[in-house]
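Step one of this worksheet: look at the structure below.
Quick note: the coordinates plus some simple rules give every number you see, no bench work behind them. As the structure is a prediction and not an experimental result, all values here were calculated from the model. Virtual Cβ from ideal backbone geometry, glycine too; neighbours counted across all protein chains shown.
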Amino acid sequence: MREPPVTVIIPTWNGKERLLCCLEALSRQTYRHFQTIVVINGCKDGTKETLKEKRELQLIINSYNRGFAAAINQGIRASNSPYICTLNDDIFPDPEWLEMLVDAIEREPDVGACSSLMVFAHQPDTVQSAGIAMDRAAIAWDRLRGKPVTVARQPCEVFGASAGAALYRRTMLGQIGLFDERFFAYLEDVDLAWRAQSSGWRCLYVPDAVARHLVSASLGEESPTKKRLKARNKIWTVVKNAPLSDFPLILLYDLMAILYILVKEKDRNPLRGRLEGIRGVRPFLKDRHPGRPRIVEPLVAPWQVPQRWKDYPSRLARSDATYYSQQDGKGKSAGGTVLFTTKDTKYTKGSG
């Protein structure tokens, strides 16, 4: 039997309820020519037992949490489809989402990736990510985050695709390599996007491919672990990809950002992450393939850098919603409140 042209890979870690909502949304896709691989990263919440009943899924079961990058790579290696779709378990795509991504990537052979329009699950008129943005100081952020969806309607070329809901061409991955598993989680998609741009591949932002995102449901938006990993992985991304001529500017802006965080927020986790990155930098020096991206954003004042990550109302970043249940909207949820509603389904916050 011929393998479908698209393989959707969903890593999950102790997120059974939100994963079931994600799979339900995926089952409603208008584009039907895909297979789904779920990579279970050492879950202890009954995910494995629940999914074994779903014969349409291919499962990869890890005895421990190998991280997002490694889980995605496992799914890629276990499939042969020409297109790879990566999807977080806390993202719920609209029915036309996959169809729009496939249509966009098939139009132009030099497009190696397509980025979705991700919106906040409980406020779908607000952008969570319209692709990855990058500036000359190697600072990456979610493009248009916190802006109204009305300003994100224009398709365009972007630096890269957020791997939370993206489509990749296998040919490109075969050329530039897969996600760097040493990153574990966070910025692995930035590293991949940088390598893609350096190799001449383009990334398109597809505004009609809409997906709703709970945002950091696994660790939490303000998680110390998340802050540490992002800081560490930025060091490794720069060492792997940035031209030496850009290092003075990158260092200046990074020092300014760290100073701001230490003085204003008194948060030591970004500093700890950078120190960890410096201590582990040697293998990444050996992997250097520097290149200057074509798609970059203008620089801003150094003291404004941290604000980019918070350029949206704080209520949109709440990550207290960890467990979610699904109902058809005809009855009351068991101790839950409605988070958001699609055309025919309500997603509710469970009692946990």
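Would you please classify the overall shape of the stretch 195-293 from the alpha carbon gyration tensor, given that a ≥ b ≥ c denote the square roots of the eigenvalues, rounded means a/c under 1.5, and beyond that prolate means a/b larger than b/c while oblate covers the rest? Spell out each step's value before the answer.
On the way: a/c = 1.79, a/b = 1.03, b/c = 1.73.
Oblate, because a/c is 1.5 or more while a/b does not exceed b/c.
Whose amide H sits under 5 Å from the amide H of residue 166, counting only residues 5 or more places off or on another chain, with H placed in the peptide plane?
Amide H neighbours of residue 166: 86.
Using a 10 Å cut-off on Cβ atoms, rank the peptides 119-128, 276-285 from the highest mean neighbour count down.
Details: 119-128: 20.5, 276-285: 13.7.
Packing proxy ranking, top to bottom: 119-128, 276-285.
Packing-wise, with mean Cβ within 10 Å as the measure, how do 59-71, 6-18 rank, highest first? Could you put the intermediate results ahead of the total?
Values: 59-71: 18.2, 6-18: 24.2.
Per-residue mean Cβ counts within 10 Å order the peptides as 6-18, 59-71.
What shape does the stretch 86-152 have by the C-alpha gyration tensor, where a ≥ b ≥ c are the square roots of the eigenvalues, rounded means a/c under 1.5, and otherwise prolate means a/b greater than b/c and oblate the rest? Don't jump to the answer; show the numbers that get you there.
Working: a/c = 1.80, a/b = 1.07, b/c = 1.68.
Oblate.
Say the dipole of the stretch 1-142 comes from +1 at the beta carbon of Lys and Arg and -1 at that of Asp and Glu; which of 5, 113, 80 then lies farthest toward its positive end?
80
Can you work out ³J(HN,Hα) from phi for every residue in the stretch 249-262, in order, using Karplus 6.51 cos²θ - 1.76 cosθ + 1.60 and θ = phi - 60°, giving whole Hz and x for Gly and Pro?
Per-residue couplings from phi come out as 5, 4, 5, 4, 5, 5, 5, 5, 5, 4, 4, 4, 5, 5 Hz.
With the Cα gyration tensor of the stretch 132-235 giving a ≥ b ≥ c as the square roots of its eigenvalues, does the rule (a/c under 1.5 for rounded; else a/b larger than b/c for prolate; else oblate) give rounded, prolate or oblate? It would help to have the intermediate numbers written out before the result.
Working: a/c = 1.56, a/b = 1.03, b/c = 1.52.
In terms of gyration-tensor shape, oblate.
Determine the distance separating the Cα centre of the stretch 261-301 from the Cα centre of the stretch 90-106; give it in Å without decimals.
32
Could you sort out which of 48/230; 44/286; 44/230; 54/226; 230/264 sit more than 27 Å apart by Cα distance in this structure? Write down the numbers at each step before the final one.
Details: 48/230 29 Å; 44/286 37 Å; 44/230 25 Å; 54/226 32 Å; 230/264 19 Å.
Too far apart for the 27 Å limit: 48/230; 44/286; 54/226.
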